[in-house]
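Values in this text are rule-based calculations from the coordinates and carry no lab data. Nothing here was measured: the structure is a model prediction, and the numbers come from that model. Cβ coordinates were reconstructed from backbone atoms using ideal geometry, including for glycine residues, and neighbour counts include every protein chain displayed.
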Amino acid sequence: MDRNVFAMLCELLKTRGELLDDGNITIEEQVATFVNILAHHTKNRIIQVRFYRSDETISRYVHRVLRALLRLEDVLFIKPTPVPDDCTDSRWRWFKEWEDFDRAPRNHEEYFNMKHSQARNNIERCFGLLKKCRAILRSPSFYPIRFQGRMIIACALLHNFIRIYMDVDPEKCTPSHFLSYVLGKTYQMS
């Protein structure tokens, strides 16, 4: 996430997520602490040293940012739109169901298994993408189970936010392309 997107996230959390700057810690520091924990699966002790804050302070503000981010679910949760049958986009030809009638489901159990398998594949692909970007999802967590569930939703919302507001997808671009985007110059990586 670049600085502009980070500033937009802070502003969105302030205006729509009702995150407050209470005079002790700025909104930017609160969000930086939260994103640091998500991206690097950093324990509170490490964050205490990095930001010169107490354990209780870190915990309180991480929970505040989490609640504010979850309030943005209606804004950041992307609702899929169905693809029309007459779509000519070549990307969707792989998703057309059972063009080959030899493999069509023969009864309701096979149809259920087909739909279940497709849903599972999509869910596993989504979690794989989130785990690639957020270290907190890659290893066993030391947080309470209720907090873990909320963190998964927060990771998905944050991912959607980055995909919406960043011009360059950091997962798909090369380092030289990303440097030229950030610095405004063309670079050749060797």
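Which chymotrypsin sites (Phe, Trp or Tyr not before Pro) does segment 1-71 hold that lie in a coil by DSSP with at most 13 other beta carbons within 10 Å?
On the way: sites: PHE6, PHE34, PHE51, TYR52, TYR61; in loops: TYR52.
Taking segment 1-71 and a limit of 13 other Cβ atoms within 10 Å, the loop chymotrypsin sites (Phe, Trp or Tyr not before Pro) found are TYR52.
How big is the gap, in Å, between the Cα center of segment 111-141 and the Cα center of segment 13-41?
Each part's Cα centre sits 27 Å from the other's.
Short version: ³J(HN,Hα) in whole Hz for each residue of segment 138-146, in order, from phi by Karplus 6.51 cos²θ - 1.76 cosθ + 1.60 (θ = phi - 60°), x for Gly and Pro, what are they?
Going residue by residue, I get 8, 10, x, 9, 9, 8, x, 4, 5 Hz, with x marking Gly and Pro.
Just add up the charged neighbours of PRO140: K/R +1, D/E -1, any other residue whose Cβ is under 13 Å from the Cβ of PRO140. Walk me through the numbers before you get to the answer.
Numbers: positive: LYS43, LYS131, ARG138; negative: none.
Local charge sum for PRO140: +3.
Classify segment 1-56: rounded, prolate or oblate, from the alpha-carbon gyration tensor (a ≥ b ≥ c, eigenvalue square roots; a/c under 1.5 rounded; otherwise prolate if a/b is larger than b/c)?
Values: a/c = 2.31, a/b = 1.39, b/c = 1.66.
Note, shape of segment 1-56 comes out oblate.
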